[in-house]
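The values are calculated or read from the model by the stated rules, or taken from the named source; none is laboratory data. If you're wondering where the values come from, they're calculated on a predicted model, not measured in any experiment. A quick note on method: Cβ atoms are made from the backbone with ideal geometry, for glycine too, and the neighbour counts reach across all protein chains shown.
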Amino acid sequence: MTGRVILLHYSPPGVVGGVEHIMYEHVRLLRNRGIEVLVVAGRPGEDVCVIPDVDSADPGNVVIEGELDRGVVSPRFYRRRDAILAALRSILRPGDLLVAHNAFTLHFNLPLTAALWELSAHASGVRFAAWCHDLSWVNPLYLPDMRPGYPWDLLRLPAPDVSYVAISEERAAEMTSLWGESGDVRVIPNGIDVASFLRLSEQARDLVARYRLLDRGLVILLPVRVTRRKNIEWAIRAVGALRDRGVDVLFVVSGPQAPHHPGRSDAYLAELKALCADLELADHVVFLSDALGRTLDLSVVHELYLLADVLLLPSSQEGFGLPLLEAGLARLPAVVSDIPIFREVGGDAVRTVPPGAEADRMAEAILGAVSDASPRLRRRVLDRYRWDVIADSQLVPFVHEGDRRVHRR
């Protein structure tokens, strides 16, 4: 695709609303990938091309809506339709993709809907997409406003030469059911910006990018210093067992070596690295402080609790077990060695593995811990609904399809 992506809606990003927020994310994602984007809306906003007649709350549209509520399609309706049509024609260039959010399926500005039907039927070299969040003809709240005939029928029929995109499989099924035919509806869901939602610091964002923390199938956190009583070699062998089961696992040890006996601590870290090399786990185990050459700020360690899938504490002995308290507050499932202090602190809210058990047994406990509903929902969100995943796998390919027309008649 060589043209622009034109995102059209009644109101622009920045206005509080679900559709406006989705448009904001689409603008960000597409521009970050080098795609030119123009926002067209009925109200002013940052970097917005304003066509006042597009605003559903414009006084003229309010008058027209009142007439339509009485079943009257007045000359005022057609004048507004033609004015919107002329304004949009003045903006479009060959190669553009115009994405209309809700206007093809929602009755909030029927002159705009009618203009888009006319435009898509006659604008040569321009692609049109109907991005469907809501459908007037299937919503019980809006059905009383619907009538047979023009222009209401435009909302329940597929416009020729327009690509339809639904935000969910449910919406897509509603559309094809409404059309009475098996239509060509693509599903591109809404998503979430994980780093922004979690309010990650720049340091944490750097770690996410460097170690693909959001892309790994399983992230295990051990937020302790590298000392022998932490029994880290047992955890590494469990990581090997998980890898052998086909799990894309990353084991993150966040703490530095112990400061009191640096020689012993350095020797232990060297042993652990040798074990990782023997088990071919270089891509699955990271000693963060060693890799970064510095000790992580505590605030960044706390952010790792939000990024991990499970806390693992394989210690052979402990005085207390503070990470269990932190994991509890972060709602992070925990797998621990079955020693008295962990039973005291964690009770029946943690999964325990007897010290010295086979690595496979610890691997089973880890998989069991992340099979509960809450961790599975988190993983589903990361795998399917992250904006970057949606953008690269669905949104950008859709934009780059070229001048493909979808004919239904």
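A few notes on this one:
- Counted residues, region 97-116 - those being out of contact with any His (no Cβ under 9 Å at 6 or more places or on another chain) and either buried (at least 21 other Cβ atoms within 10 Å of the Cβ) or part of a strand (DSSP E or B) (or both): 11
- Residue 141 vs. criteria surrounded by 14 or more Cβ atoms within 10 Å (Cβ to Cβ) and either assigned to a strand (DSSP E or B) or not aromatic (Phe, Trp, Tyr) (or both): no
- When residue 177 is tested against (1) among the polar types (S, T, N, Q); (2) touching a helix residue (DSSP H, G or I) at 6+ places or on another chain (Cβ under 7 Å); (3) at pLDDT below 95, just one condition goes unmet, and that condition is (2).
- Top-ranked residue in region 376-401 [being more than 18 Å from residue 208 (Cα to Cα) and of a type in the set (Val, Ile, Thr); ranked as surrounded by the fewest Cβ atoms within 10 Å (Cβ to Cβ)]: 396
- Selection within region 196-243 - under 30 Å from residue 29 (Cα atoms) and of a type in the set (Val, Ile, Thr): 208, 219, 220
- Pairs, first in the same structural domain as residue 309 (by TED's automatic domain parsing) and of a type in the set (Phe, Trp, Tyr) in region 197-215, second modelled with pLDDT of 95 or more and surrounded by 15 or more Cβ atoms within 10 Å (Cβ to Cβ), C-beta under 8 Å, six or more apart: 211/250; 211/252; 211/286
- Residues of region 361-375 satisfying the condition of being among the charged types (D, E, K, R) and surrounded by 19 or more Cβ atoms within 10 Å (Cβ to Cβ): 364
- Boolean, residue 149 is loosely packed, with under 14 Cβ neighbours inside 10 Å and not aromatic (Phe, Trp, Tyr): yes
- Note on region 302-315: among residues that are part of a loop (DSSP other than H, G, I, E, B) and modelled with pLDDT of 95 or more, the one that is farthest from residue 330 (Cα to Cα) is 314.
- Some residue of region 294-301 being within 25 Å of residue 355 (Cα to Cα), in a loop (DSSP other than H, G, I, E, B), out of contact with any His (no Cβ under 9 Å at 6 or more places or on another chain) and not charged (D, E, K, R): no
- One residue from 184, 161 being acidic (Asp, Glu) and farther than 28 Å from residue 384 by Cα: 161
- Subset of region 1-23 that is in a strand (DSSP E or B) and of a type in the set (A, V, I, L, M) - its residue that is surrounded by the fewest Cβ atoms within 10 Å (Cβ to Cβ): 15
- Looking only at region 161-192, and only at residues there that are among the charged types (D, E, K, R) and either within 20 Å of residue 395 (Cβ to Cβ) or in contact (Cβ under 8 Å) with a residue 40 or more places away in the chain (or both), the one that is surrounded by the most Cβ atoms within 10 Å (Cβ to Cβ): 171
- Region 316-330, residues that are among the aliphatic types (A, V, I, L, M) and outside any helix (DSSP H, G or I): 330
- For region 124-134, the criterion of being part of a helix (DSSP H, G or I), of a type in the set (Phe, Trp, Tyr), surrounded by 21 or more Cβ atoms within 10 Å (Cβ to Cβ) and touching a helix residue (DSSP H, G or I) at 6+ places or on another chain (Cβ under 9 Å) is met by no residue.
- Residue within region 73-80 that is surrounded by fewer than 18 Cβ atoms within 10 Å (Cβ to Cβ) and either outside the structural domain of residue 38 (by TED's automatic domain parsing) or in contact with a helix residue (DSSP H, G or I) (Cβ under 7 Å, 6 or more places away or on another chain) (or both) present: yes
- Hits in region 45-85 (condition: among the hydroxyl-bearing types (Ser, Thr, Tyr) and assigned to a helix (DSSP H, G or I)): 78
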